[in-house]
Amino acid sequence: MQLPGGMPVATFLRDYWQKKPLVIRGAFPGFECPVSPDELAGLACEEAVESRLVIELEDGKPWQLHNGPFSPQRFERLPASPWTLLVQGLDHWVPDVADLLEQFRFIPNWRLDDIMASFAPPGGSVGPHYDQYDVFLLQAQGRRRWQFGGNHDTSSPRVEGTPLRILKDPSWDEDVILEPGDMLYLPPAIGHHGVALDDCITLSIGFRAPTQDDLLTSYTDYLSSQPGADRHLNDPDLQPQTNPGEITPAAIERLQRLITEAMNDPRQLGLWFGQYATSPKSEDIVQPPEEPITPADLYDQLNSGGQLRWNEGSRFAWHGLGLDELALFVDGERYLLSGDARPLATLLCEGNQVANEPLLSLLADTTLCELVTHLHNQGSVYIEWD
């Protein structure tokens, strides 16, 4: 396996992933951006699309943030001060952009987040800052100057008067200019500042990094809905105590045992995490088709040359539960497969375009054909024609 640009994946993961930045020249030779600035502005006017405008100086205030959707007239009233338009989840709406994610499958599906587009005229940027996730910054149009370096956290000095985490007086280790097709990898907490030198589009391939708070809150909510969650804390071995106000070590031990038993089930942990990790970012992303199809229709269309493809905003993963069973997770739902049905899960999760020949072989099984038809009719997959 190789990164775009040719570096072996094993080398990248060993030497760079979550360790240090990497500039990859010619990662995508001859790259042409799948969207234009006008198309990005059009998407930013849509209710279902998450978008933002960052203006470097507005009414004397630094680095001001405005959230979309925007009216077309808003783009006619942009200030002379440098600005940047951000469109989140571009891969959810543009299949050609979603296809870029196939170049990053050396990272597990559940870690991939989405692709954000950043457009700026000359001088535009979102300011010097750091993020808490891994990101590949692909130069898609124009040139951008990147300065980066240093590890930062919540104690790092910030510019006041802005809702953004703008670093105050940062120092940089590297200073590079990226041309179309070049790419920069940045680990979490590395400070960086990208300034457009021309009309410039950068595509940010970001990776999910849930916090401990998010994980614990979601998992305990899940456990609370499982059978047996109404079990009471009991103490049949209660002993007399000198002071009734004391919470004794024995009470804490019983409490710890009850919580540990609930939390310590690897099967439940795997089932929860698969659903958590594949939940769509927005309810607007996965929508059922106008006309549902039958299993026979699905099979016939695939057999006639149709290509099964993920919804651009859908998430797929699987987890082995034992020698003969695994769980397929699609858009926050789980499906348990055993025996000869298991290869369907691994096939569906390999990439956003599902290999037709092995799929048709599996869909000869009526139950599996019904499952894939269900995924189609809920909007997680669709059939694409050349």
Scanning segment 119-141 for residues that are within 16 Å of the chain's Cα centre (by Cα) and among the β-branched types (Val, Ile, Thr) gives Val135
In segment 294-312, anything hydrophobic (A, V, I, L, M, F, W, C), under 19 Å from Asp365 (Cβ atoms) and buried (at least 16 other Cβ atoms within 10 Å of the Cβ) is listed as Leu298, Leu302, Leu308
Any residue in segment 114-127 that is assigned to a loop (DSSP other than H, G, I, E, B), of a type in the set (Phe, Trp, Tyr) and on the phi < 0 side of the Ramachandran plot? no
Among the residues of segment 213-234, what is the count of those that are exposed (fewer than 10 other Cβ atoms within 10 Å of the Cβ) and at pLDDT below 95? 6
Positions within segment 98-143 being closer than 26 Å to Trp310 by Cβ and basic (Lys, Arg), in sequence order: Arg105, Arg111
Leu326 passes all but one of (1) free of Cβ contacts under 8 Å to residues at least 40 places away in the same chain; (2) in a helix (DSSP H, G or I); (3) surrounded by 16 or more Cβ atoms within 10 Å (Cβ to Cβ); which number fails? (2)
Matching residues, segment 351-373, being outside any loop (DSSP other than H, G, I, E, B) and buried (at least 17 other Cβ atoms within 10 Å of the Cβ): Leu359, Leu362, Leu368, Cys369, Leu371, Val372, Thr373
Mind checking which residues of segment 293-332 are among the acidic types (Asp, Glu) and within 23 Å of the chain's Cα centre (by Cα)? Glu312, Asp331
Only one of Arg14, Arg25 is assigned by TED's automatic domain parsing to the domain that holds Pro95 and more than 23 Å from the chain's Cα centre (by Cα). Can you tell me which? Arg25
Name the pairs whose Cβ atoms lie under 7 Å apart, with the first residue in segment 351-366 and in the same structural domain as Leu302 (by TED's automatic domain parsing) and within 23 Å of Leu100 (Cα to Cα), the second in a loop (DSSP other than H, G, I, E, B) and not aliphatic (A, V, I, L, M), and 6 or more positions between them or separate chains? Gly351/Arg105
Filtering segment 1-13 down to residues that are in contact with a strand residue (DSSP E or B) (Cβ under 9 Å, 6 or more places away or on another chain), more than 20 Å from Gly142 (Cα to Cα) and not small (Gly, Ala, Ser), which residue is surrounded by the most Cβ atoms within 10 Å (Cβ to Cβ)? Leu3
Filter segment 5-23 down to the residues that are closer than 24 Å to Gln132 by Cβ and assigned to a loop (DSSP other than H, G, I, E, B) and list them by number. Tyr16, Trp17, Gln18, Lys19, Lys20, Pro21
Out of the residues in segment 187-203 that are crowded, with 23+ Cβ neighbours inside 10 Å and under 21 Å from the mean Cα position of the chain (by Cα), which is farthest from Pro29 (Cα to Cα)? His192
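To keep it simple, each residue is scored yes or no on (1) in a loop (DSSP other than H, G, I, E, B); (2) in contact (Cβ under 8 Å) with a residue 24 or more places away in the chain; (3) not assigned by TED's automatic domain parsing to the domain that holds Ala317.
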{"residue": "Gly194", "(1), (2), (3)": "no, yes, yes"}
{"residue": "Thr217", "(1), (2), (3)": "no, no, yes"}
{"residue": "Leu238", "(1), (2), (3)": "yes, no, yes"}
{"residue": "Thr242", "(1), (2), (3)": "yes, no, yes"}
{"residue": "Glu253", "(1), (2), (3)": "no, no, yes"}
Ile259 vs (1) surrounded by 12 or more Cβ atoms within 10 Å (Cβ to Cβ); (2) under 30 Å from Ala48 (Cα atoms); (3) of a type in the set (Val, Ile, Thr): all pass except (2)
Could you count how many residues in segment 79-91 are touching a residue at least 24 places away in the same chain (Cβ under 8 Å) and either of a type in the set (Val, Ile, Thr) or not in a strand (DSSP E or B) (or both)? 9
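The values are calculated or read from the model by the stated rules, or taken from the named source; none is laboratory data. Please read all numbers here as calculations on a predicted model, not as lab measurements. Reconstructed Cβ throughout: ideal geometry from the backbone, glycine too, with neighbour counts over all protein chains shown.
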